[in-house]
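Heads up, the thing below is written out as structure tokens.
The values are calculated or read from the model by the stated rules, or taken from the named source; none is laboratory data. For clarity, every value in this text was computed on a predicted model and none was experimentally measured. As a convention, Cβ positions derive from the backbone with ideal geometry for all residues, glycine included, and neighbour counts pool all protein chains shown. Each accessible area value is taken on the protein alone, full model and side chains, heavy atoms only, with ligands, DNA and RNA left out. Shrake-Rupley method; radii C 1.70, N 1.55, O 1.52, S 1.80 Å.
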Amino acid sequence: MSAFTLLATDGDARAGVVHTAHGDVPTPAFMPVGTKGSVKSVDPDELHTLGASIVLGNAYHLHFRPGEDLIAELGGLHAFMAWDGPILTDSGGFQVFSLRDTVLEADDDGVTFRSVYDGRQERFTPELAARIQERLGSDIAMCLDICAPAGVERADLEQAVRRTTLWAGRQRDLPRSPGQLRFAITQGGLDTELRRRSSEELVPLDFDGYAIGGLSVGEERAPMFEATAHAASFLPATKPRYFMGIGDPEGVIEVIARGVDMFDCVLPTRTARTGSALTWDGRLNLRNARFARDAGPLDDGCACPACTRFTRAYIRHLVNQQEILGLRLLSLHNLRFLIDLVAAARRAIERGGFETWRADALSRLTRQPLER
Ligand SMILES: [Zn+2]
């Protein structure tokens, strides 16, 4: 069976289902990030209740702590973290190349770097990336790629595209865990010609899905969305498309509009840990004194545990006193807000009303918050 069913399109926006060994993922799908095998401060049962259908784990971090062999010995990542739904694992390429001062040497065979954990010299290759993810037993494994930062020379982007293809070709047929899907990552930054080349090289290798990598790495938003549209247009309609690393409400809507099916970001939980809530009135910093006597919920109409039981005033108090509950409630709310937003986008695509929904959602999100 194909890994993806496309159910509806509206303009370039798509609604579908990714079929994995641990269940179906309705798309568009936001994937909460559990870098080290935990979506920070959130219980897997809560993730189910929030409506999350897939979570992301990270091969780089799990390889170094506690190690894929230990996790395999304890039944694999699903059993280890007590999450029985689909898991996508990143290959570690993004971590290696985003921690640039730790990279010692990259060549056609792999990349040598210093571990962020103990500074020891380590080496990642496509073979190791495949083995780590096979041992973890994730449902979707990513190919090791080279993610160039924004603004590098074209020759460096070209090198990133060439090596990413070379490595994907080596990783494609290596052993995988039962039912594990394998996605390749397209590169090329903002360069349309290189994005086309990357896709034209990877699509014939017939992966189960394709990621759009090398964006959201510090470039301006308008050209990034333009590059997303190009990158998506070079990919087959029959395979899922995953934009790596976007999670702000406006950004999520914009990549869905350009034909992206899946995306991930630490933004909801990281924003929560800074004391901020994502809402239809924009981003609220709960430390602000204007919330001291605010008896309303974080967001009207939100059904999360924070909004149904607690006031802005109380959550502000918890944040200011650095109470763990405050950060947890904000994490639960922010995840629910994004998951609900994406579910609403999906319904709009299915009924053919995505453009109207998008315009309305963007105008609500960017409106100045009312003083209350
Ligand atoms: Zn809420």
Exercise. Relative to the longest principal Cα axis of the chain, at what angle does helix 354-366 sit, 0 to 90 degrees, rounded to 10?
Worked result: 60
Exercise. Using a Förster distance of 41 Å, how high is the FRET efficiency between VAL103 and HIS317, based on the Cβ-Cβ distance and rounded to 0.05?
Worked result: 0.40
Exercise. Which whole-number percent gives the relative contact order of the range 292-351, counting Cα pairs below 8 Å spaced six or more residues apart?
Worked result: 29
Problem set entry | Percent carbon-and-sulfur accessible area, the chain, ignoring ligands, DNA and RNA, probe 1.4 Å | 49
Seminar exercise, completed: Two pseudo-spin positions, 7 Å from Cα along C-beta at ARG351 and at LEU70, lie apart in nanometres by 5.0
Exercise. Largest first, how would CYS304, CYS265 line up by accessible area (1.4 Å probe)?
Worked result: CYS265, CYS304
Exercise. Do you know the relative contact order of the chain, to the nearest whole percent, from alpha carbon pairs under 8 angstrom that are 6+ apart?
Worked result: 17
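Can you give me the orientation-averaged projected area of the convex hull built on the Cα atoms of the chain, in nm²? Walk me through the numbers on the way to the answer.
Details: hull surface 71.4 nm².
Over all viewing directions, the chain projects a mean Cα-hull area of 17.9 nm².
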For this session: Considering only DSSP beta bridges where both residues belong to the chain, give the percentage that are antiparallel (nearest 5).
Result: 50
Exercise. Using the heavy atoms of the protein chains alone and a 1.4 angstrom probe, what is the accessible area of the chain per residue in square angstrom?
Worked result: 41
Seminar exercise, completed: Between the Cα axis of helix 126-136 and the main Cα principal axis of the chain, the angle (0 to 90°, nearest 10) is 50
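Given only helices, namely DSSP H runs of n ≥ 4 each adding -39500 (n - 2.57), what is the per-residue ellipticity at 222 nm of the chain, to the nearest 500 deg cm²/dmol?
Here the helix-only value at 222 nm equals -12000 deg cm²/dmol.
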Seminar exercise, completed: Simple spin-label estimate for THR192/HIS48, 7 Å along Cα→Cβ, in nm, reads 4.8
Exercise. Taking Cα atoms, how many degrees apart are the long axis of helix 221-233 and the longest axis of the chain, rounded to 10 and kept between 0 and 90?
Worked result: 50
Exercise. Assuming R0 = 25 Å, what is the FRET efficiency of ALA303 and ALA21, from their Cβ-Cβ distance, to the nearest 0.05?
Worked result: 0.25
Exercise. Per-residue accessible area for TYR314 at 1.4 Å probe radius, Å² rounded to 10?
Worked result: 90
Exercise. Roughly how many Å² of PHE225 are accessible to a 1.4 Å probe, to the nearest 10?
Worked result: 20
Seminar exercise, completed: Once normalised by the length of the range 8-67, the mean sequence separation of its alpha carbon contacts under 8 Å that are 6 or more apart gives a contact order in percent of 29
